[in-house]
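Written out below as structure tokens is the structure these notes cover.
The values are calculated or read from the model by the stated rules, or taken from the named source; none is laboratory data. Quick caveat, the model's predicted, so the values are computed rather than measured. FYI the Cβ positions are ideal-geometry reconstructions off the backbone, even for glycines, and counts take in every protein chain you see. For the accessible areas, the whole protein counts, side chains as well, though only heavy atoms, and no ligand, DNA or RNA atoms are used. Shrake-Rupley method; radii C 1.70, N 1.55, O 1.52, S 1.80 Å.
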Amino acid sequence: MKKCLRPALLILTLCALVTPCWTRAADKKYTVALIPGLTTDAFYITMHRGAQAAADALGVELIFQGAPEFNPVQQVPVLNAIIGRKPDAILIAPTDKTQLIEPLKKAAAAGIAVITVDTFIGDGHYQTGSGDADFPLSYIASDNILGGQIAARALAKAIDDKGKVYVSNVKPGISTTDQREQGFKEEMKKHSNITVLETQFNDDDANKAASQLQSVYARNPDLAGVFGANLFSAVGAAAGVKQANATGKIKVAAFDAPKSIVDQIKSGEIEMTIAQHPAEIGYYGIMTAYAHLTGQSVPPLIGTGFTVIDKKNADDPAVKKFIYSD
Ligand code: T6T
């Protein structure tokens, strides 16, 4: 009597015959480490969320490990510990353009694919064959010069195109915040009745940014506006304006979009903010690492978007989805 294979068994048998090649490729589980600028910042928490979504979709193991402060002295030991775990790729937001070059060279020398997210090393131009910091495969980030320009235009409008302003910034040597200040100042050159005072550096400390606001205001009672060039600078500058009872008199343009900043936009304490898309940065970071690890070419620069949030659109669901997770 002829024996028939039952349909389910037939399918299983066919699968066993035809699948060995792709099964082997899919079985390779890659490990990618994401090293943020610091772990407790809503910007990087949101980036982690995006990276995790891509890692889950691709079956990649994601390690998220960072330092408690935005500081190369704290970030380098974290990087060294990660190198010791030998992941297939590292996504990192370098906390200094220069000081992370040599430590990251060690990762590349150990055969680990290096991609920078949010911030860059050197001049951010990778895979050019020139300079000593072009070895990362890709840089995935917002256009920070453009962001600074957008903030300058918004602040100029808020202060009727005249008066004194300054930039509340983190510290020199960070690619993102340096470029935001550069874009802000370039744009303000086009506004002849606006004077840009000396930048105040707060070391990513909102309390310091708040007291600096009050000192600048004490020296310049005609201060009209401030640009907070990242989350802590903006939160601190806005707090300083409030403590000085100058809400409405000193206008605040912010960068980054934690819920607290959006609430302050609604209450009129902040004019506008530039929401980056950190989840996109994390998502594309993992996708890019995976593409490289599976033999695809990857672009040396991937630009992600912005959403400008102000009082008019702060409740729009299409905008609200860009508020950072915390
Ligand atoms: O603005 C972001 C990030 O883009 C920058 O490099 C450092 O500061 C933040 O993390 C916000 O605190």
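Brief remarks on what is shown
- Chain lengthening between Ser211 and Leu301 when straightened (0.36 nm per residue, less Cα-Cα): 28.6 nm
- Percentage relative contact order, the stretch 204-261, counting C-alpha pairs under 8 Å, at least six apart: 41
- Too-long pairs where the Cα-Cα distance tops 31 Å, listed order kept, from Lys28/Lys320; Lys29/Lys171; Lys97/Lys312; Lys185/Lys249; Lys189/Lys311: Lys28/Lys320; Lys29/Lys171; Lys97/Lys312
- 3J(HN,Hα) along the stretch 47-53, derived from phi through the Karplus expression 6.51 cos²θ - 1.76 cosθ + 1.60 where θ = phi - 60°, amounts to 4, 4, 4, x, 5, 5, 4 Hz, with x in place of Gly and Pro.
- Considering helices alone, the calculated mean residue ellipticity of the chain at 222 nm is -13500 deg cm²/dmol, with DSSP H runs of length four and up weighted by -39500 (n - 2.57) and normalised per residue.
- Expected-Rg normalisation [2.2 N^0.38 Å, Cα atoms] applied to the chain: 1.18
- Ligands, DNA and RNA are left out, and with a 1.4 angstrom probe the accessible area of the chain is 46 Å² per residue.
- Choice from Arg153, Arg49, Arg219 showing the highest fluctuation, given a GNM over the chain with Cα pairs closer than 10 Å: Arg219
- Formal net charge of residues neighbouring Ala133 (Cβ-Cβ distance under 9 Å; K, R +1; D, E -1): -1
- Sparse-neighbour loop sites [trypsin sites (Lys or Arg not before Pro); the stretch 53-112; at most 12 other C-beta within 10 Å; DSSP]: Arg85
- In order through the stretch 71-81: 3J(HN,Hα) via Karplus (6.51 cos²θ - 1.76 cosθ + 1.60), integer Hz, x for Gly, Pro: 7, x, 5, 8, 6, 4, x, 5, 4, 4, 5
- For the residues Asp160, Asp134, Asp205, a GNM of the chain with alpha-carbon springs under 10 Å puts the largest fluctuation on Asp160.
- Per atom type, the chain shows carbon and sulfur on 56% of its accessible surface, probed at 1.4 Å.
- Residues of the stretch 300-318 with amide N under 14 Å of a point placed 7 Å along Cα→Cβ from Gln127: 300-303
- Formal net charge of residues neighbouring Glu181 (Cβ-Cβ distance under 12 Å; K, R +1; D, E -1): -1
- Additional length obtainable on full extension of the chain from Lys320 to Ser267, 0.36 nm per residue less Cα span: 17.5 nm
- Each Lys or Arg adds one and each Asp or Glu subtracts one; over the other residues with Cβ under 14 Å from the Cβ of Gly240, this totals +3.
- Placing dummy labels 7 Å off each Cα toward the beta-carbon, the span from Thr40 to Leu146 is 3.3 nm.
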